[in-house]
1. May I ask you to say which residue of Glu465, Glu458 is within 25 Å of Pro378 (Cβ to Cβ), out of contact with any helix residue (DSSP H, G or I) (no Cβ under 8 Å at 6 or more places or on another chain) and of a type in the set (Asp, Glu)?
2. Count, please, the residues in the range 18-34 that happen to be of a type outside the set (Phe, Trp, Tyr), within 17 Å of Glu55 (Cβ to Cβ) and in contact with a helix residue (DSSP H, G or I) (Cβ under 9 Å, 6 or more places away or on another chain).
3. Please state which one of Val117, Val85 is surrounded by fewer than 16 Cβ atoms within 10 Å (Cβ to Cβ) and either closer than 29 Å to Val18 by Cβ or free of Cβ contacts under 8 Å to residues at least 60 places away in the same chain (or both).
4. So Gln78 ticks every box in (1) modelled with pLDDT under 85; (2) crowded, with 16+ Cβ neighbours inside 10 Å; (3) not hydroxyl-bearing (Ser, Thr, Tyr) but one. Which box is left unticked?
5. What is the residue count in the range 1-49 for residues that are more than 41 Å from the chain's Cα centre (by Cα), under 15 Å from Ile89 (Cα atoms) and small (Gly, Ala, Ser)?
6. I'm trying to understand the selection: among the residues of the range 159-176, which are part of a helix (DSSP H, G or I) and open to solvent by less than 10 Å² (accessible area, probe 1.4 Å)?
7. If I go through the range 437-477 residue by residue, how many of them are closer than 26 Å to Ile409 by Cβ and not acidic (Asp, Glu)?
8. Quick one: how many residues across the range 514-552 are among the aliphatic types (A, V, I, L, M) and closer than 30 Å to Gln585 by Cα?
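The values are calculated or read from the model by the stated rules, or taken from the named source; none is laboratory data. All of these numbers come straight from a predicted model, not from anything done at the bench. All Cβ positions, glycine included, derive from the backbone under ideal geometry; neighbour counts span all protein chains shown. Accessible surface areas use protein heavy atoms only, side chains included; no ligands, DNA or RNA. Shrake-Rupley method; radii C 1.70, N 1.55, O 1.52, S 1.80 Å.
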Amino acid sequence: MQLTAAVSFLTILQEESVSIHTYSHSFLHIILQHLEHRDAGVSNAWLETLLAVIEALPKETVRHEILNPLVSKAQLSQTLQSRLVSCKIMGKLANKFEAHIIKREILPLVKSLCQDVEYEVRACMCRQLEHIAQGIGTELTKTVVLPELVELARDEGSSVRLAAFETLVNLLDMFDADDRSQTVLPLVKSFCEKSFKADESILLSLSFHLGKLCNGLYGIFTPEQHLRFLEFYKKLSTLGLQQENGHNDNQLQLQTLEQEKKYILVRKNCAYNFPAMIVFVDPKNFHLELYSIFFCLCHDPEVPVRYTMALSFYEVAKLLNSGVYTIHKELVTLLQDESLEVLDALVGHLPEILELMTNGGENNGSESKLLSIPDLIPALTTAEQRAATSLKWRTHEKLLQKYACLPHIISSDQIYYRFLHRMLTIILTNNVLPVQKAAARTLCVYLRYNRKQEQRHEVIQKLIEQLGQGKSYWNRLRFLDTCEFIMELFSKSFFCKYFFLPVLELTHDPVANVRMKLCYLLPKVKSTLKIPTDKHLLQQLELCIRKLLCQEKDKDVLTIVKRTVLELDRMEISVDAEQLEKEKQQNEGRSTNINDKFFEKKRRDSKTSSVLAKSITLAVPGSLSGTSAGKEDKKSKLVRSQSFSTQALHPKYSNIDKCPNKSSATGYTSSVSGIGKSSRLSYSDDSFRTHSTGNSGNAAFLSSSSSRNLFNSADQKNNGNKESQSRKMSIKNRKSNS
């Protein structure tokens, strides 16, 4: 209950459930009351809540409710728990008040706690000196904090000395050159000397902070001191390995398991600090000073050490720049490491590493690409195969994703023969979906950068035959995934040319899951079309949707189809402006000439009946082609006119069989007919367009609403003209009979 209450009080503060005034009045006293709970876990929970509350409370409230009582709580007469809590509170208060308040009211308490009789209190207060120093500034830190640190660094308690050492390292930036050379450096040298003998407790911390320490004191080192610290680092980097190399069995047997673990952690810390040590010695001197240590750390017998080197490998490569060629072999070694953890750590920055490696830094030309890393390709293929045979599929997925960088690293032929077909094999045979998708996307990247048409066509053909037309429905699903990546990486015209129709063929797939996934993909498929260039593909898309509506028997798929139809109907199709303008100009010119002839003929028809035998062809906007009626039978012409006025479907569907399930498709028929119309533009302002015999008209692209209005007006005018023609023909027949 206490732990839950502490967390709840903190949540109330963070979510600002009440005002800060209400919070301090209602909750602060409860928090302060439980700080000295007899259970250490409960006390720490309430302390964490209080430290968070201090940041939000007004200064006056903090001063009266927290700082003033702190004077009595920090006294030696109070319990150990009370004094430990006071140390942590003072560290937090140092960032809350001005320097003069800290100097007057907090620093006396700090000095008292630094000299406490209990080593736990001295160590706890020592770790808070970093926050105190940041609150009081550089001058007071030099005169007050530094002397306390020097005294604590010589404390009899190892935990106090450790806290003093780490605080010194963290405060290096606040000390001037004199303080560093006269005070800090002698202390550090003393720590280094004692770390192997009397004070092994500081060894781990020293190895972890050595890089920061060396660079922080770099300006005051003499050449001898510089060399001394470098040799100390080298000694730590091989700590625990000398006995094995020297075959000293007696010492090895005496070495305890705890020491072995400690030495492994020391070498791991050295691997962590390796980039900092390159800066310390200067990258130009890497091969002479540090390469041997780099080699040892990359070949260390313990996985944690090699894992840390793999993590820092990219930083090392960046620092070496043009000298990166010196670590090519170690890259190959880590790629072939027996531990997948090491490989996983290296893969994180593999594209950047390979780019630096193959470019040879900024100063080398492109001639060095790949020639300097002859074993790179075998190492990459080996790494992928080892990841594939393991149970760590996430590492395999990550590796395949990073291999997409290879077109920038090696030649297209090498990718084609060593990696591309491997990606296709993974798609076909691997059982892990994320791995298959990663392989599919990487394969598409390889295809994108392959400029040889023969190889491209071969891969495209395999994708269509082995995936799109594969026997396994799982492969056909992966084909749709691959097509999605192709739409992402390639141009719209490329997808339409090679994959549009193979995708639509899956509307006939016998597996409902495939048809359902296709329906989800159709909006993206439609977005690749351009009008009027892809009119025929748009017609195929509408036909497939129509068939799905009419013939689909699976209820779930049919639901998705209906939803997709509505989404497709709302979509706008891209317009090829240049091509559209050309066709518009051609159609406007032809429309003007034909309309002039039409009205001239109509004027003459009113004066003489001899021209009644001539036929006039009217084309409804939205039809697929113009109709020539000069030699057609008038009865069939009338039937077509009536079918246009009654049929709800787009004219291009006039040859489709009737739906077997009318109830499921009736409500969506008009939507299907509007799929291709939402972005259509009219080529002329005329509701009708006449066409000369033998010329097919161009489709007029209208919005859904205007298209329906034009159909209605077209039917009325067409029927009216045909009735007039029928009456005139009957008069003519009676005259001829008489």
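1. Result of the check over Glu465, Glu458: Glu458.
2. 7
3. Details: Val85 fails: surrounded by fewer than 16 Cβ atoms within 10 Å (Cβ to Cβ).
After ruling out the rest, the residue left standing is Val117.
4. Unmet for Gln78, out of (1) modelled with pLDDT under 85; (2) crowded, with 16+ Cβ neighbours inside 10 Å; (3) not hydroxyl-bearing (Ser, Thr, Tyr): (2).
5. 1
6. The answer is Val160, Ala163, Ala164, Phe165, Thr167, Leu168, Val169, Leu172.
7. Of the residues in the range 437-477, 24 are closer than 26 Å to Ile409 by Cβ and not acidic (Asp, Glu).
8. 7
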